[in-house]
1. Report, by residue number, each residue of the stretch 12-71 that is within 16 Å of ligand 2 (Cβ to nearest atom), farther than 30 Å from residue 235 by Cβ and touching a helix residue (DSSP H, G or I) at 6+ places or on another chain (Cβ under 7 Å).
2. Taking residue 42 as meeting all but one of (1) surrounded by 14 or more Cβ atoms within 10 Å (Cβ to Cβ); (2) in contact (Cβ under 8 Å) with a residue 60 or more places away in the chain; (3) of a type outside the set (A, V, I, L, M); (4) not in a strand (DSSP E or B), write down the number of the exception.
3. Would you be able to say whether some residue in the stretch 114-129 is within 16 Å of ligand 2 (Cβ to nearest atom) and within 21 Å of residue 196 (Cα to Cα)?
4. Scan the stretch 159-180 and give yes if some residue there is part of a helix (DSSP H, G or I), more than 16 Å from ligand 2 (Cβ to nearest atom) and crowded, with 22+ Cβ neighbours inside 10 Å, otherwise no.
5. Kindly indicate which of 36, 50 is among the hydrophobic types (A, V, I, L, M, F, W, C), closer than 30 Å to residue 143 by Cα and either at pLDDT 95 or above or surrounded by 21 or more Cβ atoms within 10 Å (Cβ to Cβ) (or both).
6. Quick check on the stretch 78-95. Is at least one of its residues away from ligand 2 (no atom under 16 Å from the Cβ), part of a loop (DSSP other than H, G, I, E, B) and surrounded by fewer than 21 Cβ atoms within 10 Å (Cβ to Cβ)?
7. Suppose we keep only residues that are under 25 Å from residue 217 (Cα atoms) and of a type in the set (A, V, I, L, M, F, W, C) within the stretch 168-188. Which one would you say is farthest from ligand 1 (Cβ to nearest atom)?
Amino acid sequence: MSIELRDVTYTYNPGSAYEIHALENISLKIPDGQFIGMIGHTGSGKSTLIQHFNGLIRPTRGEVLYNGENIWEEKYNLRHLRSEVGLVFQYPEHQLFETDIITDVCFGPKNQGYSQEEAEQQARLALAQVGIPEEYYQKSPFELSGGQKKRVAIAGVLAMNPKILILDEPTAGLDPRGRDEILDEIALLHKKRGITIILVSHSMEDIAKYVERIIVMNGGKVAFDGVPKEVFSHYRELEQIGLAAPQITYIMHELKARGLDVDTGATTVEEAKESILKALHKNQGGKEKS
Ligand SMILES: Nc1ncnc2c1ncn2[C@@H]1O[C@H](COP(=O)(O)OP(=O)(O)O)[C@@H](O)[C@H]1O
Ligand SMILES: [Mg+2]
């Protein structure tokens, strides 16, 4: 078990006229190796929550534990924590600042104490894994497209070999193709490196296909937390908090309501197809017999 939050509450500007209760009594565990989607509409507390995972934000109340240790104990090594729990911010501009891409991606590993040569080796590997070709290495990060900037920002964190990779809305502002490409690459990273991934998004559709667990945030609280099937079964409640289940969920419920015996828990097009074919087959089989 890797990260644990116990009863975490976070208030921005406490005691002032601008006081905002961003998180209220959050308790959750993030075990090793999970691929998690975190979803919720704007202002629900996602970004505030994930910054607790690597100690960028200190809870107003409650505890954050990493491998069983309280990260806010006096002698705790936060620097080490931050190299194990990598966070890619929503706006890559906040993360890219060197004159060329390779130097930018080397920054993390060099900061971890690796030699120039070792840092560059890790940077090259990370850039290759996010699909940035070598001819880009000398370019300025600011010459890149939105999608490429995101990839370089992800590579910058990956180069530090994190055990946990947190991505804050990596698909925001991308077109559908750029979005699918980046999500596919993230899924591949999970498969290849076996690291824990927390993917923050405000689109169910985006994450339904990839993740094994969905945490739904609403008003600074965890509204739902479970496997996608289970979370989507609350599609009516999800709508009430401004979220929609994937369209597949609606189609399957509609088919079921019209008398076709399909699995309403299907979350991907592939699963839906199989379930519909099976139900149709069963119907036909039934007819033939009678
Ligand atoms: N730096 C900040 N200062 C004050 N309030 C903030 C700050 N960052 C976020 N908030 C507020 O905290 C709440 C949660 O925001 P945030 O964690 O950014 O949500 P999300 O990432 O889901 O959009 C919102 O009401 C937001 O306005
Ligand atoms: Mg956010």
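1. Listed by number, the residues that qualify are 54, 57.
2. Answer for residue 42: the failing condition is (1).
3. Scanning the stretch 114-129, I find no residue that is within 16 Å of ligand 2 (Cβ to nearest atom) and within 21 Å of residue 196 (Cα to Cα), so the answer is no.
4. No, the stretch 159-180 has no match at all.
5. The conditions single out 50.
6. Checked against the condition, which is being away from ligand 2 (no atom under 16 Å from the Cβ), part of a loop (DSSP other than H, G, I, E, B) and surrounded by fewer than 21 Cβ atoms within 10 Å (Cβ to Cβ), the stretch 78-95 yields no hits at all.
7. Only one residue fits best here, namely 187.
The rows are residues; the columns are (1) assigned to a helix (DSSP H, G or I); (2) without any contact (Cβ under 8 Å) to a residue 60 or more places away in the chain.
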position: 187; (1), (2): yes, no
position: 225; (1), (2): no, no
position: 229; (1), (2): yes, yes
position: 248; (1), (2): yes, yes
position: 263; (1), (2): no, yes
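The values are calculated or read from the model by the stated rules, or taken from the named source; none is laboratory data. Remember, it's a predicted structure, so these values are computed and weren't measured experimentally. Using ideal geometry, Cβ is built from the backbone for each residue, glycine included, and neighbour counts are taken over all protein chains shown.
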